[in-house]
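Student: The structure that follows is given in the form of structure tokens.
Every number in this text was worked out from the coordinates using simple rules, so none of it is lab data. Since the structure is predicted, the reported quantities are computational estimates derived from the model, not experimental observations. Glycine gets a Cβ as well: all are built from the backbone with ideal geometry, and neighbour counts include every protein chain shown.
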Amino acid sequence: MKITLKGDVREFDSAQTVYDIAKSIGDGLARSAMGALVNGEVKELTYTVTRDSDVEILTFDDEQGKLILRHTASHILAQAVKRLYPDVKLAIGPATDSGFYYDFDTEISFTNDDLVKIEAEMKKIVKERIKLERFELPRAEAIAFMEEKGEPYKVELINDLPEDAVISFYKQGDFTDLCAGPHLFDTAPVKAFKLLSVTGAYWRGSEKNKMLQRIYGTAYTNKDELNAHLEMLEEAKKRDHNKLGRELGYFTTVDLIGQGLPIMLPKGARVMQLLQRFVEDHEQKHGWLLTKTPYMAKSDLYKLSGHWDHYQDGMFVLGDEEKDKEVFALRPMTCPFQYQAYLSKMRSYRDLPLRYNETSTLFRNEASGEMHGLIRVRQFTISEGHLMCRPDQLEQEFKNCLEMAIYMLKTLGLYEDVSYRFSQWDPDDRDKYIGTKEQWDEAQGIMENILNHLEIPYKIGIGEAAFYGPKLDIQIKNVFGKEDTLITIQIDQMLAEKFGMEYIDSDGEKKNPYIIHRTSIGCYERTLALLIEKYAGALPTWLSPTQVQIIPVSEKYFDYAEKIKNELEDAGLRIEADFRNEKLGYKIREAQMEKIPYMLIVGEKEEAENTVSVRSRKDGDIGSMSVCNFIAKIKEEVETKAR
């Protein structure tokens, strides 16, 4: 049997476990191995390789290796909870990019003191070096097994599995869990872990279901890495936009209005206005035509587009089809509206590409457990656009859309934080998508060629495509490591035909255009949240809601401060003046806490010389200068969008 390990071919006389293969390379690798990729599939250490295969040993340095260790940590957590609280019902417990969690159904309200006890029990389990042993059962036996254990959530999960699914379990001493794996050989390698918090979580993410308790944790192979992660979390808490954005007065939420419906306070509204002007002006320079379409439409529009059948659960529907003559819904996206602009007259091949953009307010019925500050909300504003083009224009127009998005990200300082995902359909989930296999193969093939030609370093996301076409998702993580989509660029060859969108080609024939759906900066609320976190609230001067704070040293210089304020406002700068009867040091500290880029201190000397004493948020005291020189300095900073 030949095993290929990163190009190195080794021969074995008989079948070998993954652990044996790792050990044949070296004892050190065997000790640090978490599992392996065998012909591209993640397998555990006990998996037996029986034929010629490509094998890559996974350690904790690999993302899949981290997931294996943290998945085992989630089982250790569940075992500890069952030991301490036997009546608890188990739900799900996956690994995540930064740790793991497990959901429990219990009448007990877990506290921080409980987490300390659970963590102590987990340490005992690790020291016991308990083996994790996989076994499989037929469906009926699997259901009976979980019913006997009194685990209704596991029974529900088994019932929802396909008829031909392999139903596997992992036995861990006195604890057994329904699980697909893979896992570590035993509990011993989970040497450094920490339970972080407990929150509520609806079963299967639906508020129609019971609220469970979710315990979050993280795990590493050594304490140094764990401590570094915990320090990072402390820094993340300081930068968390949901906390910092409220403290700095960017936004608030009110229970009376509803979850996921933030109120943008003057600072937040100002930054969103600045972003919107920046985006719309840049798009106009690149041939985008501004539209403004309704916030709602009859259900007929969404039925034609396919959203009614494929996205209705995510929509706010106004009315009842069984009772009302007309049923409306708030728009979850703008594409079917902008198509009507295209259809307002017949188009020629010479009219293409035709680029429509819009600053769109959209509405999506997000599950309550998914919402977080400004990252995920139910009403949001997006820099949306739809581009109709000929096949020969598709690659260049896609490239132009991508270059615009990259320009926006670089200008905002977010570009180094993003990654790319080529989101494709899942052919095994046909109900989720419109179109034929041939259409999907063609659209994905075109997009793959474009991405490869542009040398975009992407990962593939099966099942992440829109229901009508593949897309390039530009992904970004918040300070806690949770990944969201910031910008999308999609290729669509199906909806033009559904809507009857045509153009007269050079040969006189009517043809359907390709459509590119895209955002240039994504959701403004989400972008604002990420900017607050990126800069810890200290936004670049061009984006700061207040750019300059004028601080007179006493009441005697209020008139001079007012004169300076008027001059700076006439120059187009955003100014505040602190006329409170407080000590100078107190005023300076408050301006620093509010992350204002510049403070101008004015007193007797400044008034006599017609100057200002400048303090920079970034560089501290930078001395005295004339008002004209200060205006020139800050305007250059704003115009170049310096960071």
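Student: Enter the Cα centre distance for the pair the range 481-496 and the range 121-170, rounded to the nearest angstrom.
Tutor: 37 Å
Student: Name the shape class, rounded, prolate or oblate, that the alpha-carbon gyration tensor gives for the chain, where a ≥ b ≥ c are the square roots of its eigenvalues, rounded holds for a/c under 1.5, and otherwise prolate holds if a/b is larger than b/c and oblate otherwise.
Tutor: oblate
Student: With labels modelled as points extended 7 Å from the Cα through the Cβ direction, what inter-label distance (nm, one decimal) is found for Lys171 paired with Tyr295?
Tutor: 6.1 nm
Student: What lysines could a cross-link reach from Lys82, if we take a straight Cα to Cα line under 22 Å and drop same-chain neighbours fewer than 8 places away?
Tutor: Partners found: Lys117, Lys123, Lys124, Lys127, Lys131, Lys149, Lys154, Lys171, Lys191, Lys194, Lys210.
Student: For the pair Asp313/Ala144, report the inter-label distance in nm, with labels modelled 7 Å from Cα in the Cβ direction.
Tutor: Modelled inter-label distance: 3.3 nm.
Student: Give me Thr541, Thr46 ranked fewest to most by other Cβ atoms within 10 Å of their Cβ, as a rough exposure proxy.
Tutor: Fewest to most other Cβ atoms nearby, the residues stand as Thr46, Thr541.
Student: Over the C-alpha atoms of the range 66-225, what are the Rg and the largest Cα-to-Cα span, Dmax, in Å?
Tutor: Computed over the Cα atoms of the range 66-225, radius of gyration and Dmax are 15.0, 46 Å.
Student: Separate question: Could you tell me the convex hull volume per residue, in Å³, taken over the Cα atoms of the range 1-112?
Tutor: So the per-residue Cα hull volume is 130 Å³.
Student: Just to verify a number: FRET efficiency for Glu234 and Ser348, C-beta to C-beta distance, R0 = 60 Å, to 0.05?
Tutor: On the way: r = 61 Å, r/R0 = 1.01.
Calculated value: 0.50.
Student: Additional query: With a/c under 1.5 counting as rounded, go ahead and sort the range 2-59 into rounded, prolate or oblate using the C-alpha gyration tensor (a ≥ b ≥ c being the square roots of the eigenvalues; past the cut-off, prolate if a/b is larger than b/c, else oblate).
Tutor: Note, shape of the range 2-59 comes out rounded.
Student: Where does helix 394-412 land angle-wise versus the long Cα axis of the chain, in degrees 0 to 90, nearest 10?
Tutor: Roughly 70 degrees between the two axes.
Student: Any idea how far the Cα center of the range 209-243 sits from the one of the range 546-625, in Å?
Tutor: 40 Å
Student: Expected output is a single nm value to one decimal: the length gained when fully extending between Glu464 and Leu584, i.e. 0.36 nm times separation in residues minus the C-alpha distance. What is it?
Tutor: On the way: separation 120, 0.36 × 120 = 43.20 nm, distance 5.53 nm.
Computed gain between Glu464 and Leu584 is 37.7 nm.
Student: If I fit a long axis through the Cα atoms of helix 266-285 and take the longest principal axis of the Cα atoms of the chain, what angle between them do I get, 0 to 90°, rounded to 10?
Tutor: Its long axis makes an angle of about 90 degrees.
Student: Mind giving me the FRET efficiency for Phe135 and Thr361? R0 is 35 Å, r the Cβ-Cβ distance, nearest 0.05 is fine.
Tutor: 0.05
Student: Over 24 Å, how big is the tail of the calculated P(r) for the range 548-639, in percent of all Cα pairs? List each step's numbers first, then the result.
Tutor: On the way: 405 of 4186 pairs.
Summing the P(r) of the range 548-639 above 24 Å gives 10 percent of all pairs.
Student: At 7 Å along Cα-to-Cβ for each site, give me the label-to-label distance between Ala608 and Thr106 in nm.
Tutor: 7.3 nm
Student: Another question, if that's okay. Among Tyr524, Tyr349, which comes first, second and so on when ranked by fewest other beta-carbon atoms within 10 Å?
Tutor: So the residues, fewest neighbours to most, are Tyr349, Tyr524.
Student: What is the calculated FRET efficiency for Asn222 to Lys117, with r their C-beta to C-beta distance and R₀ = 41 Å, to the nearest 0.05?
Tutor: On the way: r = 24 Å, r/R0 = 0.59.
Result of the calculation: an efficiency of 0.95.
Student: Let me ask something else. Within straight cross-link reach of Lys477, meaning Cα distance under 18 Å, which aspartates and glutamates are found once same-chain residues fewer than 8 apart are removed?
Tutor: Glu63, Asp97, Glu231, Glu234, Glu235, Asp240, Glu370, Glu416, Asp417, Glu464, Glu525, Glu533
Student: If you average the C-alpha positions of the range 47-120 and of the range 1-30 separately, how far apart do those two centres end up, in angstrom?
Tutor: That distance is 28 Å.
Student: Treat the count of other C-beta atoms within 10 Å as a stand-in for reagent exposure and order Arg350, Arg518, Arg134 from fewest to most.
Tutor: With the sparsest Cβ surroundings first, the list reads Arg350, Arg134, Arg518.
Student: Right, here's the next one. Leu29 to Ala269: extension gain in nm, 0.36 nm per residue of separation minus the Cα-Cα distance?
Tutor: Numbers: separation 240, 0.36 × 240 = 86.40 nm, distance 5.42 nm.
Separation in residues times 0.36 nm, less the Cα-Cα distance, equals 81.0 nm.
Student: Let me ask another. May I ask you to compute the full-extension gain from Tyr407 to Leu84, defined as 0.36 nm times their residue separation minus their alpha-carbon distance, rounded to one decimal in nm?
Tutor: The Tyr407-Leu84 span can extend by a further 110.9 nm.
Student: Which lysines, if any, have their Cα less than 19 Å from the Cα of Lys510, not counting same-chain residues under 8 positions apart?
Tutor: Lys345, Lys498
Student: For the range 98-147, just say rounded, prolate or oblate: build the C-alpha gyration tensor, square-root its eigenvalues into a ≥ b ≥ c, call rounded for a/c under 1.5, and beyond that prolate if a/b exceeds b/c, oblate if not.
Tutor: Values: a/c = 2.64, a/b = 1.49, b/c = 1.77.
Verdict is oblate for the range 98-147.
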